[in-house]
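Single-structure report; data block below.
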Amino acid sequence: MNKLNDAGVAVAPQALAEAVGSAMYARDPASQSLGMTLDAIAPGQARMSMPVRADMLNGHQTCHGGFIFALADSAFAFACNSHNLVTVGAGCTIDYLSPGREGDVLTAIAAEQTLTGKTGIYDVTVRNQDGRTIALFRGKSHRISGEVI
């Protein structure tokens with residue numbers, strides 16, 4: 001279903017998702033400061049990546065879980081806002097399955113599982129450049145008032 005822009009012109013869902021992604025990323029200093037990039041976005045989906053830097057390592061010399069969480073959470077945010085309706089996280093869980101190492105490039109792929117009314121469920125898989133699963137994240141979203149752009 002196409003949405004209408006301010007001029008009353010229909011905007012395809014993919015084009016809208018891309019415009020929302022660009023606008024959100026431009027005003028997201030947290031993701032930018034961690035070196036995250038928005039690699040792809042579609043309605044209900046997002047793919048983001050982040051290199052693991054030396055300053056992201058914990059006392060075991062592996063990527064601190066908070067940085068892995070931040071990557072998954074950012075992908076979740078982009079996916080659930082891709083419909084151009086302002087949406088926030090209402091809760092989430094994360095399971096850490098394998099360590100990230102310095103020099104790894106972690107990729108988080110977020111996918112909408114369900115969207116009913118104002119709430120949605122999104123699954124995010126974080127993998128390294130070799131395809132090894134680093135973490136599994138599940139987020140619950142809640143739509144509030146307004147549009148992203």
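If Lys and Arg each add +1 and Asp and Glu each add -1, what is the summed charge of the other residues whose beta carbon sits under 15 Å from the beta carbon of Leu38?
Around Leu38, the charge tally is -2.
Quickly estimate the mean residue ellipticity at 222 nm for the chain, helices only: each DSSP H run with n ≥ 4 gives -39500 (n - 2.57), and the total goes over all residues, rounded to 500.
On the way: 3 runs with 36 residues, N = 149.
Theoretical 222 nm ellipticity from helices: -7500 deg cm²/dmol.
Might you report the magnitude of the Cβ-based charge dipole of the chain about its Cα centre, with Lys and Arg at +1 and Asp and Glu at -1, to the nearest 20 debye?
240
Can you list residues from other chains, or at least 5 along the same chain, whose modelled amide H is less than 5 Å from the amide H of Ala40?
Long-range HN contacts for Ala40: Arg47.
Can you bin the chain into rounded, prolate or oblate? Criterion: square roots of the alpha carbon gyration tensor eigenvalues sorted a ≥ b ≥ c, rounded for a/c under 1.5, prolate for a/b above b/c, oblate for the rest.
It comes out prolate by the Cα gyration axes.
Can you work out the FRET efficiency for the pair Gln129 and Ala54, with r the C-beta to C-beta distance and R0 = 22 Å, to the nearest 0.05?
With a Förster radius of 22 Å, E is 0.80.
For Phe67, what is the net charge nearby, where nearby means another residue's Cβ is under 14 Å from its Cβ and Lys, Arg count +1, Asp, Glu -1?
-2
Add +1 for every Lys or Arg and -1 for every Asp or Glu among the other residues with Cβ under 15 Å from the Cβ of Thr114, and state the total.
Net of charged neighbours comes to +2.
Read the figures in this text as sums done on the coordinates, not as results from a lab. For clarity, every value in this text was computed on a predicted model and none was experimentally measured. Please note: Cβ atoms are built from the backbone with ideal geometry, for glycine as well, and neighbour counts cover all protein chains shown.
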